[in-house]
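Just below is one structure, and these are the notes that go with it.
Rule-based calculations on the coordinates, nothing more; no lab input. On a predicted model such as this, the values are computed, not experimentally measured, just so you know. For neighbour counting, all protein chains shown are included, and Cβ atoms are generated from backbone atoms with ideal geometry for every residue, glycine included.
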Amino acid sequence: MRVHHHRNLPGVFAGRGSRIYDRTARTLLRGLYARIADDLVDVLPDGADVLDVGTGPGVLLTELARRRPDLHLVGVDLSADMVSAAQRNLSEFGGRATAQQGDVVDLPFAAGAFDLVVSSFSSHHWDDPAAAVPELARVLRPGGRLYVYDFGFAPFDVITETARSRGVFGSSPVRTSRIRTGVLCPRRCTRQVLTA
Ligand SMILES: C[S@@+](CC[C@H](N)C(=O)[O-])C[C@H]1O[C@@H](n2cnc3c(N)ncnc32)[C@H](O)[C@@H]1O
């Protein structure tokens with residue numbers, strides 16, 4: 001497994017930075033994860049396998065686990081400290097919600113392992129979003145969906161263009177929209193949905 005350091009924000013997601021992020025995510029930003037979880041539970045089939053890429057402290061997964069005890073949830077993150085925080089936050093759910101270290105361009109999962117892959121506020125940190133796209137498609141089952149939520153400046157155009165030029169997602173159109181987050185900052189974010 002290839003795990004490299006953050007090129008754009010070194011150290012921000014390690015040590016003290018990960019502890020501050022964990023606390024903020026569990027308190028101030030909780031409503032944001034609740035909003036995204038509400039969005040996803042409507043489209044998730046019974047017993048679905050879900051991967052959260054760049055899960056950070058795994059708070060989105062805790063919101064999904066509370067809403068849907070039938071789901072199998074896995075979080076993956078480049079930062080070992082974020083993975084530790086996620087494991088702590090997910091411990092109450094036992095084996096049905098876990099977190100491990102990994103890079104979006106080299107995911108430690110079998111092809112077709114997931115019904116849905118989600119990523120929130122992580123894609124703008126990826127060093128090589130074009131390399132991430134085929135990898136995200138690889139771990140999805142045929143017909144599975146990728147949901148990317150992020151700031152408007154995230155590499156949504158790279159994701160769309162790579163999916164098109166590499167032909168790694170199915171023929172369904174990419175859906176990109178602005179949604180309200182339910183929290184004050186950020187008030188809105190972009191949601192992009194691709195179908196494998
Ligand atoms: C701003 S945090 C978002 C965390 C969480 N998804 C959320 O919504 O709060 C970005 C996360 O992406 C992770 N990340 C950055 N590059 C990554 C990569 N190439 N592969 C996996 N995770 C990555 C960082 O370690 C960090 O935990």
Using Cα pairs closer than 8 Å and at least 6 residues apart in sequence, work out the relative contact order for the chain, in percent.
19
Taking amide H positions as placed 1.01 Å from N in the peptide plane, with prolines and chain starts having none, which residues 5 or more places from Asp52, or on another chain, fall under 5 Å of its amide H?
Val74, Gly75, Val76, Val118
Whole-Å distance, taken between Cα centres, linking segment 94-110 and segment 164-195:
22
When only alpha-carbon atoms count, how far does segment 29-195 stretch along each of its three principal axes, as whole angstroms with the largest first?
42, 37, 31
Taking every DSSP beta bridge with both residues inside segment 29-195, roughly what % is antiparallel (nearest 5)?
40
Got a sec to turn the phi values of segment 179-196 into Karplus ³J(HN,Hα) couplings, 6.51 cos²θ - 1.76 cosθ + 1.60 with θ = phi - 60°, whole Hz, x for Gly and Pro?
10, 7, 8, x, 10, 6, 9, x, 5, 9, 9, 9, 10, 10, 10, 10, 10, 6
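Between Arg166 and Ala111, how high is the FRET efficiency from 1/(1 + (r/R0)^6) when r is the Cβ-Cβ distance and R₀ = 25 Å? Nearest 0.05. Intermediate values should be presented prior to the final figure.
Numbers: r = 15 Å, r/R0 = 0.62.
After rounding to 0.05, the efficiency reads 0.95.
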